[in-house]
Every structure is written in C-alpha cells, then in structure tokens.
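*Asks:* Okay, here's the structure, questions in a sec.
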C-alpha cells in the first residue's frame, strides 16, 4: 500500500460526541480508517479508550483492516495513549509543519482484542 492510499478519497466521515469528549474518523481507500481527532473531556478516565471502542463497534460490518492515528510530535500524552493500545509508530510525515506529525498504525483485529470489542 502506498502511503496516501489510506487518505484519498474520503468515503465516510463519522464521529462520536458526548460527555466523554469527541472522536472524529474517516474511512479511506485501502481498507483503512483514520482517526482525525480524539479529545477526551478528562485525561486518564478511560474516555478515549471508550470512544475508540465505540468506533470499533461501528466498524463491524466493514472491510477495514487497519486503523491510523495521527498526532502532533509534541503531544506526548497522545503518543503514550496510542502506544498503550499497541499502535506502532509508522512514520513522521510533514503534515502540520516539518517533522511535526507522527503516524501510528494498528490492525483493527488487534485493537478490537485490546478493547474487548466483539
């Protein structure tokens, strides 16, 4: 898969917005989902994990195999969060400013196992 295969074209943009915060994601080509923005109203309360679990539950009837998560390089909390769920650092694309973004990937099946999603 080429690097941009998961980005263009955008087929779906979906979101969760409730007391926990919000999670926005989109599906692209190449059987991938890209987490665009995840904001938990409080840190270390399980809200981010809960919203990702809900997102995975919505992906049950899709052919998605991989989940991508972008974050800014200086966002250490976001990096720790992704790593805690088994995401792997894939690359540091020049997305915001030179070297300012980090791309993590995780197989959907592995993520579902970690989040106990059927």
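*Asks:* Suppose we keep just the alpha-carbon trace of region 26-91; what are its Rg and Dmax in angstrom?
*Replies:* When restricted to Cα atoms, region 26-91 yields Rg and Dmax of 12.2, 35 Å.
*Asks:* Once the Cβ-Cβ distance between residue 90 and residue 116 is put in as r, and R0 is 30 Å, what FRET efficiency do you end up with, to the nearest 0.05?
*Replies:* Result of the calculation: an efficiency of 0.75.
*Asks:* Mind giving me the FRET efficiency for residue 80 and residue 58? R0 is 22 Å, r the Cβ-Cβ distance, nearest 0.05 is fine.
*Replies:* Calculated transfer efficiency: 0.30.
*Asks:* What's the extension gain from residue 36 to residue 73 if we count 0.36 nm per residue and subtract their Cα-Cα distance?
*Replies:* 11.8 nm
Readers should treat all values here as calculations from the given coordinates under stated rules, not as data from a laboratory. Predicted, not measured: the structure shown is a model, and the values here were computed from it. Quick reminder, even Gly has a Cβ in these numbers, built from the backbone with ideal geometry, and neighbours come from all protein chains shown.
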